[in-house]
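Just below is one structure, and these are the notes that go with it.
Here, each number is a calculation from the coordinates, and none is a lab measurement. The model shown is predicted, which means the values in this text are computed figures rather than measured ones. Positions of Cβ are backbone-derived with ideal geometry, glycine not excepted, and every protein chain shown enters the neighbour counts.
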């Protein structure tokens, strides 16, 4: 299967090359030229098998230049018991007769990013071999909290790679920050950025599109790649868990084959819900795609009006991984909905860069609204949702609460009470202070004390790797202006 750019459809490359590059040199996102189709027999074949086998078979449909044996081995390495604390890997918990929760945080960093970032390093390492690449991959990551740690965890000490993570100085939780600044590995680096996530993300994109810098690094034996969801190697493993969730519901007798299931996903950069969209296009019986935002509700407004406008106040919230006003992966959706019209997409992205807004046409808006519902949840509602679910016996984090609340809103507004899954994207222990406040407790001052407090109050065990943060050495303390990120990269690669 070939991949092309959302900004130049004439670009063609194999999957290995697309994963190695991360981002097309024209600034576009690399995306498959076709979406493989699956049938009832394919889904039935996955119902009673392990997650690892589901991953290898689904990814094999897109990665035709990788062998099934390779992908099967990668899946065993990525999702085995030494990495994930749950045999199901991405278990589906039933909340009530028609509502289910897809838990995506049982990996080494307790966030859904592990689902892709335990796989991506193996895909990338293989791509270096397949393409005969001799240079070292310098992986640049902008993170709103979870991607950075998950990427470093996956790439730490992986041969022929170096990874540098940028995070907003005051835009992540204390636990998220501790996870990043204590990361082990000789090939990792971390820097805070004075600004918000969009500033960090724009800085990384700027570096990628800087031809002079790319040449400078090439002369020194490096090439740039990405572990953000702009890299197709991040999106593909996420498609797997939506296919897997549907199969788990079939196996549990919660639905019948062919019955549609709505999915509600807490969304910032749009990659997570985009993966569900691709699963739907493949033939998984997905009903409505419910896009859940926090107070940074640019996606809600876009789905409802067709106008994407980032010219609005930026809110720092208790769900920081969604504190994003420029949702990069929306570009892939626009490209697909337009039928691969690269000129149209390129125009939208130029408008966004120049004015901070663009508006899609009536026909595309109709397509968008037939597939997606957009809703948002404010801070008060987030806390109330955590409290309500806790009273019913389920402890959730702030991002999951946004999804749970928006699913309720969707059902109330539309009357659609069909089977639905909301995605749980992080352990509640990554956001102890907000969760403690939501359930009526006064958080203790220290972040690690709060972790122990939440465990003591709720009786829910904290993930082992989070509990192990106490006493770890802080290795990275750097902070940079957003305009000086290039210098940080140069210093890192000296």
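When both the range 79-110 and the range 347-406 are represented by their alpha-carbon centers, they are found 22 Å apart. The antiparallel fraction among DSSP beta bridges confined to the chain stands at about 25%.
Can you tell me how much longer the chain between residue 77 and residue 460 gets when fully stretched, taken as 0.36 nm per residue apart minus their C-alpha distance, in nm with one decimal?
Details: separation 383, 0.36 × 383 = 137.88 nm, distance 2.78 nm.
Using 0.36 nm per residue and subtracting the Cα-Cα distance, I get 135.1 nm.
Matching the structure-derived percent of Cα pairs over 35 Å apart against the labelled list (1) 44; (2) 26; (3) 33 gives the label (2).
Rounded, prolate or oblate: pick one for the range 1-150, where a ≥ b ≥ c are the square roots of the eigenvalues of its C-alpha gyration tensor, a/c under 1.5 means rounded, and failing that, prolate if a/b is larger than b/c, else oblate. Note, shape of the range 1-150 comes out prolate. Shape verdict for the range 212-332, please, from the Cα gyration tensor: rounded (a/c under 1.5), prolate (a/b greater than b/c) or oblate. Cα axes put the range 212-332 in the oblate bin. Cα centroids of the range 424-494 and the range 191-252: 22 Å apart. With a Förster radius of 30 Å applied to the C-beta separation of residue 307 and residue 416, the computed FRET efficiency comes to 0.75. Comparing Cα centroids, the range 276-314 and the range 31-69 end up 26 angstrom apart. Among 324, 38, 386, the ranking by other beta carbons within 10 Å of each residue's beta carbon, starting with the fewest, stands as 38, 324, 386.
Compute the Cα gyration tensor for the range 206-251, then decide on rounded, prolate or oblate, letting a ≥ b ≥ c be the square roots of its eigenvalues: rounded whenever a/c is under 1.5, prolate when a/b is larger than b/c in the other cases, and oblate in all that remain. Note, shape of the range 206-251 comes out prolate.
Averaging sequence separations of C-alpha pairs under 8 Å and six or more residues apart, then dividing by the length of the chain, give the relative contact order as a whole percent. Spell out each step's value before the answer.
Values: 974 pairs, mean separation 91.1, N = 494.
Averaging sequence separation for qualifying contacts and normalising by length gives 18 percent for the chain.
Size descriptors for the range 37-88, from the alpha-carbon set: Rg then Dmax equal 11.6, 33 Å.
In this simple spin-label model, placing a label point 7 Å from the Cα along the Cα-to-Cβ direction at both residue 353 and residue 477 gives a separation of 3.8 nm. Given their separation in residues at 0.36 nm each and the Cα-Cα distance between them, residue 206 and residue 33 gain 59.7 nm when the chain is fully extended.
Contact order normalised by length for the range 343-475, with contacts defined as Cα pairs under 8 Å and 6 or more residues apart; what percent is it?
Values: 112 pairs, mean separation 23.4, N = 133.
So the answer I get is 18 percent.
What number, rounded to the nearest 500 deg cm²/dmol, is the helix-based mean residue ellipticity at 222 nm of the chain, given -39500 (n - 2.57) per DSSP H run of at least four residues and division by all its residues? Intermediate values should be presented prior to the final figure.
Details: 22 runs with 225 residues, N = 494.
Calculated from helices alone, the mean residue ellipticity at 222 nm is -13500 deg cm²/dmol.
A straight chain from residue 12 to residue 493 at 0.36 nm per residue would run longer than the Cα-Cα distance by 170.1 nm.
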